[in-house]
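S.K.: Below: one structure in structure tokens.
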Amino acid sequence: ELTVFIPAIKKQAAFRDDLVKKLAGKTLVQRAIDKAVCLQPTKTSIHLLTDSEEISLIGDRNGISVVQKPSLTWCAGDIGQLPLKATQVATDSIGTSLVLSPYAPLLTTDTLLHSLEVFFSGSVEVLRPVRTERRFILDGTDQSVEQLIFGSRNQTHLVESTSFIILRNDVLLEIFENCHT
């Protein structure tokens, strides 16, 4: 059983109205909803969390569960204040939750399916995507002009992505309980 949460908080947007601007004919919110529907055809297990009436309307038109609260922000304190409607599915049963960011329009359903397979095949509580990047990192040491021009100190780093997170529902339940105490 998979529960999907899509946090689409307009006041925390990177750019004004970016969640509802169209990219190749679809809004970022609609793209996230479409991915969630591919993963979880039971629309009652998909929850759009928003502070915006406009984004709420997009969720309503898609027939998914919408929690619209003007004061909502995406932080641990507010997660515990979500109405029971949004948390009941995730906390009443043993299962898995996926928090899917609308800010990942290039994230494919195949990547999410593969990540879910990895999550289910391991004994982890939380899975967060990372990618490998090679970068030149300045460390504050003095370098000659020759080293600056021709030197190669590329290092490999793991960079965390915020595109999604997969976690067991009992972990999510613990977060809810900690917010209420």
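The values are calculated or read from the model by the stated rules, or taken from the named source; none is laboratory data. Quick caveat, the model's predicted, so the values are computed rather than measured. Reconstructed Cβ throughout: ideal geometry from the backbone, glycine too, with neighbour counts over all protein chains shown. Just so you know, the surface numbers come from the protein's heavy atoms only, side chains and all, with ligands and any DNA or RNA stripped out. Shrake-Rupley method; radii C 1.70, N 1.55, O 1.52, S 1.80 Å.
S.K.: Would you mind stating whether Thr87 is at pLDDT below 90, among the hydroxyl-bearing types (Ser, Thr, Tyr), under 19 Å from Pro41 (Cα atoms) and more than 14 Å from the chain's Cα centre (by Cα)? Steps first, answer last, please.
M.R.: Numbers: at pLDDT below 90: yes; among the hydroxyl-bearing types (Ser, Thr, Tyr): yes; under 19 Å from Pro41 (Cα atoms): yes; more than 14 Å from the chain's Cα centre (by Cα): yes.
It is true that Thr87 is at pLDDT below 90, among the hydroxyl-bearing types (Ser, Thr, Tyr), under 19 Å from Pro41 (Cα atoms) and more than 14 Å from the chain's Cα centre (by Cα).
S.K.: Hey, Thr3 hits all of (1) in a helix (DSSP H, G or I); (2) modelled with pLDDT of 85 or more but one; which does it fall short on?
M.R.: (1)
S.K.: Still on this structure, please answer the following. Of the conditions (1) part of a helix (DSSP H, G or I); (2) buried (at least 24 other Cβ atoms within 10 Å of the Cβ); (3) in contact (Cβ under 8 Å) with a residue 40 or more places away in the chain, Arg31 satisfies every one except a single condition; which number is it?
M.R.: Of (1) part of a helix (DSSP H, G or I); (2) buried (at least 24 other Cβ atoms within 10 Å of the Cβ); (3) in contact (Cβ under 8 Å) with a residue 40 or more places away in the chain, only one is false for Arg31: (2).
S.K.: For Glu117, indicate whether it is exposed (fewer than 13 other Cβ atoms within 10 Å of the Cβ), among the charged types (D, E, K, R) and not in a strand (DSSP E or B). Write out each step before concluding.
M.R.: Details: exposed (fewer than 13 other Cβ atoms within 10 Å of the Cβ): yes; among the charged types (D, E, K, R): yes; not in a strand (DSSP E or B): yes.
It is true that Glu117 is exposed (fewer than 13 other Cβ atoms within 10 Å of the Cβ), among the charged types (D, E, K, R) and not in a strand (DSSP E or B).
S.K.: Right, next: Restricting the search to segment 44-84, which residues are modelled with pLDDT of 75 or more and among the acidic types (Asp, Glu)? Spell out how you get there, then give the answer.
M.R.: First, pick out the residues of segment 44-84 that are modelled with pLDDT of 75 or more: 44-72.
If the condition is that a residue be modelled with pLDDT of 75 or more and among the acidic types (Asp, Glu), then Asp51, Glu53, Glu54, Asp60 are the ones that fit.
S.K.: Only residues that are assigned to a loop (DSSP other than H, G, I, E, B), without any contact (Cβ under 8 Å) to a residue 24 or more places away in the chain and either open to solvent by less than 10 Å² (accessible area, probe 1.4 Å) or closer than 23 Å to Ser115 by Cβ (or both): list them for segment 34-71, please. Write out each step before concluding.
M.R.: As a first pass, look at segment 34-71 and keep what is assigned to a loop (DSSP other than H, G, I, E, B): 40-42, 51-52, 62-64, 69-71.
Now drop any that are not without any contact (Cβ under 8 Å) to a residue 24 or more places away in the chain, which leaves 41-42, 63, 69-71.
If the condition is that a residue be assigned to a loop (DSSP other than H, G, I, E, B), without any contact (Cβ under 8 Å) to a residue 24 or more places away in the chain and either open to solvent by less than 10 Å² (accessible area, probe 1.4 Å) or closer than 23 Å to Ser115 by Cβ (or both), then Pro41, Thr42 are the ones that fit.
S.K.: I'd like to know if segment 103-113 contains one or more residues that are part of a strand (DSSP E or B), over 13 Å from Ile166 (Cα atoms) and open to solvent by 100 Å² or more (accessible area, probe 1.4 Å).
M.R.: Keep residues of segment 103-113 that are part of a strand (DSSP E or B), which gives none.
No.
S.K.: Another one. Take the residues in segment 1-17 that are in contact (Cβ under 8 Å) with a residue 24 or more places away in the chain, touching a helix residue (DSSP H, G or I) at 6+ places or on another chain (Cβ under 8 Å) and of a type in the set (D, E, K, R); name whichever of them is nearest to Leu112 (Cα to Cα). Working first, answer last.
M.R.: Let us first name the residues in segment 1-17 that are in contact (Cβ under 8 Å) with a residue 24 or more places away in the chain, namely 1-12, 14.
Pick out the ones that are also touching a helix residue (DSSP H, G or I) at 6+ places or on another chain (Cβ under 8 Å) and you get 1-6, 8, 10.
Applying the additional criterion that residues be of a type in the set (D, E, K, R) yields 1, 10.
Numbers: Glu1: 15, Lys10: 24 Å.
So, considering only residues that are in contact (Cβ under 8 Å) with a residue 24 or more places away in the chain, touching a helix residue (DSSP H, G or I) at 6+ places or on another chain (Cβ under 8 Å) and of a type in the set (D, E, K, R), the one nearest to Leu112 (Cα to Cα) is Glu1.
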